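Participant: Structure in structure tokens, see below.
The values are calculated or read from the model by the stated rules, or taken from the named source; none is laboratory data. None of these values were measured; they are calculated from a predicted model. With ideal geometry, Cβ positions are generated from the backbone for all residues, glycine too; neighbour counts draw on all protein chains shown.
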């Protein structure tokens, strides 16, 4: 799995509802040694617009077995946007044997491609860390009566 966050041109938007895995010591050490990343060629306003529009696009995709969008379910782990407006998305499924495992990444890609200004979208399906209900937002928990 490639990690575009090491590329100094990349703006990284991480799902703010899901807990993040603990970084390994090597990752933390490498990040400290790398120094500050150069500013993005995209302005702050454009980064904010892309972030909001990509999140809205992710919220338009639903797991067909659960009446909650995939963003609130915590299935989107990372969205990277580079200076050329190429988008890389890491996502997971509620279970590896999900019946729509082959289709959902395409739905996510198509949704992201609707965002104005996006050049290309790559979606990577990952299972580490595995999804669990603690990744759901409060909104998703309320919708599913899990509060």
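Participant: Of these, 91, 136, 104, which one is in contact with a strand residue (DSSP E or B) (Cβ under 7 Å, 6 or more places away or on another chain), on the phi < 0 side of the Ramachandran plot and touching a residue at least 12 places away in the same chain (Cβ under 8 Å)?
Facilitator: 91
Participant: Further, regarding this structure: With the checklist (1) crowded, with 16+ Cβ neighbours inside 10 Å; (2) in contact with a helix residue (DSSP H, G or I) (Cβ under 8 Å, 6 or more places away or on another chain) in hand, flag the one item residue 122 doesn't pass.
Facilitator: Just one mismatch for residue 122, condition (1).
Participant: Here is a follow-up. Which residue out of 141, 109 is part of a helix (DSSP H, G or I) and at pLDDT below 95? Reasoning before the result, please.
Facilitator: Numbers: 109 fails: at pLDDT below 95.
Of 141, 109, the one residue that is part of a helix (DSSP H, G or I) and at pLDDT below 95 is 141.
Participant: For the stretch 44-67, enumerate the residues that are within 18 Å of residue 109 (Cα to Cα), in contact with a strand residue (DSSP E or B) (Cβ under 9 Å, 6 or more places away or on another chain) and in contact (Cβ under 8 Å) with a residue 12 or more places away in the chain.
Facilitator: 50, 51, 54, 55, 58, 59, 60, 61, 63
Participant: If you go through the stretch 91-122 one residue at a time, how many are more than 16 Å from residue 62 (Cα to Cα) and within 13 Å of the chain's Cα centre (by Cα)?
Facilitator: The number of residues fulfilling the criteria is 2.
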